[in-house]
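Below is one structure, written out as structure tokens, with a few remarks after it.
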Amino acid sequence: MIFRDPTRGLVFAGINKVPPSVPPDRLAGVLSHARNDFQRFVMVLVCVHALNGTDMRHLLLTDLDLSRERLIVRRPGKRHIIYLDELTYRCASAWLRERHRRRPVTTDPHLLINRWTAVDTTHSPIGTTFTAIFRPTGLTMPTLRQDRIRDEVFEVDDPLHLMRLFGISSQTAMRYVTAPHPERTAKLPR
């Protein structure tokens, strides 16, 4: 008798698994690791607004409107508007002051620049310096971004809310909402 596996020809897309949550004690001190206004602003964009590296690299100076307290994130085929909270507003203001003080004559239209892109005549976006910013925290940028979205799921278990707040796709929002959650630790101080 030869056994035939009935599942042999099936292809699975993968298991939709949300990464484990970051413990509140580790999350509490993330912003204290920032050494300057640039790093603080990047950390806030990731930890509060769940932006990824691609989103931040392509932000333009004209996308930040402090008078209307908003930031426009341009993604392929759509725009996502972030309404700035007090912390993000303060960090954005401080970064703009620092950017202008250090590089007053740069023609680079990007919001986030460094010493190399400020003088780059091709106006290429900033490189992959974001990884180094999060290294002292012991956490990665994707981990903090995912934890922010996961934290919002604990508060409001609504995929439409996630799509509006973070500008994520419906598939991503549903992955976070329908993923099995271990013991809810959202009641702990974050």
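The values are calculated or read from the model by the stated rules, or taken from the named source; none is laboratory data. This one's a predicted model, so the numbers in the text were calculated from it and none came from an experiment. We place every Cβ from the backbone using ideal geometry, glycine too, and count neighbours over all the protein chains shown. Just so you know, the surface numbers come from the protein's heavy atoms only, side chains and all, with ligands and any DNA or RNA stripped out. Shrake-Rupley method; radii C 1.70, N 1.55, O 1.52, S 1.80 Å.
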Next on the checklist: Restricting to region 60-81, and then to whatever is part of a loop (DSSP other than H, G, I, E, B) and exposed (fewer than 14 other Cβ atoms within 10 Å of the Cβ), can you tell me which residue is nearest to the chain's Cα centre (by Cα)?
Outcome noted: Pro76
Item to check | First in region 103-125 and assigned to a strand (DSSP E or B) and of a type outside the set (D, E, K, R), second anywhere and open to solvent by 20 Å² or more (accessible area, probe 1.4 Å) and modelled with pLDDT under 75, Cβ under 6 Å, 6 or more apart | outcome: His110/Pro125
Checklist entry - In this structure, does Leu96 turn out to be out of contact with any Ser or Thr (no Cβ under 9 Å at 6 or more places or on another chain), assigned to a loop (DSSP other than H, G, I, E, B) and surrounded by fewer than 20 Cβ atoms within 10 Å (Cβ to Cβ)? => result no
Checklist entry - How many residues are assigned to a helix (DSSP H, G or I) and crowded, with 16+ Cβ neighbours inside 10 Å when one looks only at region 126-156? => result 16
Next on the checklist: When you check Val105 against the structure, is it open to solvent by 80 Å² or more (accessible area, probe 1.4 Å) and of a type in the set (A, V, I, L, M), yes or no?
Outcome noted: yes
Checklist entry - Which number in (1) touching a helix residue (DSSP H, G or I) at 6+ places or on another chain (Cβ under 8 Å); (2) modelled with pLDDT of 90 or more marks the one condition that Thr128 misses? => result (2)
Checklist outcome for this item: If we ask which residues in region 102-161 are small (Gly, Ala, Ser) and over 16 Å from Gly53 (Cα atoms), their number turns out to be 2
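Inside region 82-93, can you point out the residues that are outside any loop (DSSP other than H, G, I, E, B) and open to solvent by less than 50 Å² (accessible area, probe 1.4 Å)? Steps first, answer last, please.
Filtering region 82-93 down to residues outside any loop (DSSP other than H, G, I, E, B) leaves 82-83, 86-93.
Within region 82-93, Ile82, Thr88, Cys91, Ala92, Ser93 meet the criteria.
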